[in-house]
Amino acid sequence: MRKHFLLFFIAITGILAGCNKNDPETLAPKDYFTLWNDCEALTALQEYVQDVTNPKSTNYIKEEDRIATFDMDGTFVGELYPSYFEYNLLEYRALDDPAYKDKAPEDVKEAAQAIRDFVRNGKALPSGFDMIHARAAAKAYAGMTVAQFDAYVKAYAAKPANGFTGMTYGESFYKPMLEVFDYLKANGFTYYVVSGSDRFIVRALVEAIGIQPNRVIGMDVKLQSSGQGDEPGVNHTYGKEENLVRTDELIIKNLKTNKVLQIQQEIGKTPVLSFGNSGGDSAMHNFALSNSLKSAAFMLIADDDARDHANREKALKLGQQWKEAGYHVISMRDDFKTIYGPGVKKVDFVF
């Protein structure tokens, strides 16, 4: 009898030990922020998340309402090599791509040349260039299928990033910010990328870090079926052998208040967290801060002129401006142990 009892006790102990081993409450908490220094912004983020995910807190937020939005360029992807990725891509497409440059419309070439003059000679971009670029980009890739454009973006992203060694454009993620994604996911947040860049460019870039296409909002051009011709989509039936093709018709440039409108259109909920790096993200931040649920907004400033191409003086002025607006400020220089990871070094731009 004693033998049977002893065997039963050993079995039960083993089962309980196995349960405890897999119980999240008994596991040592993962250190999600190995690439960060101790700083106000990180402390604010962790305290916020701990508060709103605590069922006993008056600020508790249900998982379905834990929505976070992230700008892309300059927020978790490098933008100073020597300009936005989508600007670099248009410059290459219109001025250097042997398969296209001789066919590029004049206004596309002019937009690409304006980018080149800005980058190489410091000539100011024309007034309203956001929209000039958007319309030119719509034309530059018109006729490409969605799959062809995705491959085109990824091919350019595989090129070495100008101004750095040891990194391609497609690898230029701010490694500490990727830890934020992991941390939020582990705490029940759903995050979306809300960028001024072309939606399909953003999708191609963020695929490498596991962000699904339906979590991306960006600039949009009109698509049509390859067999549609001039027939309205409401009258055309998509065939099994057809493809989706980009047109030259711009739908929206996703900047400033347009970001807010698109978030409401596509997500249908007001975010509780917002991350950005420029004035173009202030509208999105303010939208999050208008939420009746507890919310927070974070601005990253490019103040590290040793490890990245940055204007530290300008960044510090912006940092003060963002603090006064009620945003938490992330300093690349002071808060990040690394930016792009080991083996990546800043060098002079090559033209």
- request: Quick one: which residues, 5+ away or cross-chain, put their amide H under 5 Å from the amide H of Phe70? H built at 1.01 Å from N.
  value: Tyr192, Val193, Val194, Phe275
Computed lengthening from Gln212 to Glu231, 0.36 nm per intervening residue step minus Cα-Cα distance: 3.7 nm
- prompt: Relative to the present Cα-Cα distance, how much length would full extension add between Thr165 and Lys323 at 0.36 nm per residue of separation?
  reply: 53.5 nm
query: Rounded to two decimals, what ratio of Rg to Rh does segment 85-157 give with C-alpha atoms and a Kirkwood Rh?
result: 0.96
message: Calculate the FRET efficiency for Asp31 and Leu316 from the Cβ-Cβ distance with a Förster distance of 30 Å, rounded to the nearest 0.05.
response: 0.55
- prompt: If you rank Glu79, Glu63, Glu179 by fewest surrounding Cβ atoms within 10 Å, what's the result?
  reply: Glu63, Glu179, Glu79
field: Cβ-based exposure ranking for Tyr84, Tyr191, in which fewest neighbours within 10 Å come first
entry: Tyr191, Tyr84
- prompt: Listed highest first by mean packing, meaning other Cβ atoms within 10 Å per residue, what order do 213-225, 313-325, 97-109 come in?
  reply: 213-225, 313-325, 97-109
message: So for segment 85-157, averaging the separation of alpha carbon pairs under 8 Å that are six or more residues apart and normalising by length, what relative contact order in percent results?
response: 32
message: Greater than 24 Å separation of Cα atoms is the criterion. Which listed pairs, Lys109/Lys154; Lys269/Lys294; Lys294/Lys323; Lys109/Lys259; Lys62/Lys269, meet it?
response: Lys109/Lys259
message: Give the lysines whose C-alpha is closer than 24 Å to that of Lys240, dropping any in the same chain fewer than 8 places away, or say none.
response: Lys222
query: Which semi-axis lengths, in whole Å and largest first, follow from the square roots of five times the eigenvalues of the Cα gyration tensor of segment 183-332?
result: 35, 18, 15
statement: Summing -39500 (n - 2.57) over every DSSP H run of at least 4 in the chain, dividing by its residue total and rounding to the nearest 500, the 222 nm mean residue ellipticity is -12500 deg cm²/dmol
query: Hey, with R₀ at 22 Å, roughly what FRET efficiency would Ala306 and Lys185 work out to, going by the Cβ-Cβ distance, to 0.05?
result: 0.10
- line: For Lys346, the aspartates and glutamates lying under 12 Å Cα to Cα, once residues fewer than eight places off in the same chain are dropped, come out as Asp304, Asp305, Asp308
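Every read-out reported here was derived from the displayed coordinates using simple, explicitly stated rules and does not represent laboratory data. The structure presented is a predicted model; accordingly, all values stated were derived computationally and were not measured. Virtual Cβ from ideal backbone geometry, glycine too; neighbours counted across all protein chains shown.
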